[in-house]
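Heads up: the structure comes next, in structure tokens.
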Amino acid sequence: MGENQVNEIVELVHRALGDAARASAGPLIISMIVGLVVGFMQAATSIQDNTTSTVLKIACVGFFLFVFFQFVSGPVLELARDCFAKIGTVSNA
């Protein structure tokens, strides 16, 4: 394997990690904010039900992904296309 091939693989891995971090940042932030708000509301009202927090988080993350799926999935799909396009150039066969 030549140095150029190694550099291409390192570049693809670097892009994959960056895209994964950017794609998961939105749902994680939404889930964290909803969890904090629900936690404060549960503490204020003395309601200690775990399903309330979980159901609201799932609903908010689902809504976020429904609205912003195009922006979240775009870079990931572009990376997948690049990976499949470079399979022939990086492989030894």
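Shape analysis of the chain based on the Cα gyration tensor places the equivalent ellipsoid semi-axes at 42, 13, 9 Å, largest first. Annotation for Ala20 and Val6: the two label points, set 7 Å from Cα along the Cα-Cβ direction, are 2.2 nm apart. Give the residue from Ala85, Val72, Val61 lying farthest towards the positive end of the charge dipole for the chain; charges sit on Cβ (+1 for Lys and Arg, -1 for Asp and Glu) and the dipole is referred to the Cα centre. Most positive-ward Cα: Val61. Computed from point charges on the beta carbon alone (+1 for Lys and Arg, -1 for Asp and Glu), the dipole magnitude for the chain about its Cα centre is near 220 Debye. Farthest toward the positive end of the dipole of the chain, out of Ile33, Gln48, Leu12, is the Cα of Gln48, where the dipole comes from beta carbon charges about the Cα centre.
Every number here is computed from the coordinates shown, using simple stated rules; none is lab data. Computed from a predicted model, the values in this text were never measured in an experiment. So basically every Cβ, Gly included, is an ideal-geometry build from the backbone, and we count neighbours across all protein chains shown.
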